[in-house]
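The values are calculated or read from the model by the stated rules, or taken from the named source; none is laboratory data. Quick caveat: nothing in here was measured; it's all calculated off a predicted structure. All Cβ positions, glycine included, derive from the backbone under ideal geometry; neighbour counts span all protein chains shown. In case anyone asks, the SASA skips ligands and DNA or RNA and just uses the protein heavy atoms, side chains included. Shrake-Rupley method; radii C 1.70, N 1.55, O 1.52, S 1.80 Å.
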Amino acid sequence: MFLKDAIEIRINNLCKEYNITINKLCTICGITQSTLANLKVRPSTNISTLTILRICRGLNISIEDFFHDPIFQNNYFDDD
């Protein structure tokens, strides 16, 4: 699994947890919908740390909370 895939899964899980859509998340966080849509459409797209920070601020969680999830316990992410 690539790190970007784990981040995408985490974002989707947070949307479920907060009972919001990806579109609503984008509105709350002040990011464009295409920013997150590109994760699915373009496999080579990487999410920026600034985008993760904006998601954390929008959901009122810390970056530590974002990455404190079992999906990130795998230290063997693919890097190709």
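Across the range 31-55, the residues whose backbone nitrogen lies under 16 Å from the label position 7 Å along the beta-carbon direction of residue 18 are 31-37, 50-55. Per residue, the solvent-accessible area of the chain (1.4 Å probe, heavy atoms of protein chains only, all protein chains present) comes to 67 Å². Only helices reaching 18 angstrom along their own axis (Cα) with mean Kyte-Doolittle hydropathy no lower than 1.0 count here, and not one DSSP H run of the chain does.
Here is the tail figure for the chain: Cα pairs spaced more than 18 Å apart come to 37 percent of all pairs.
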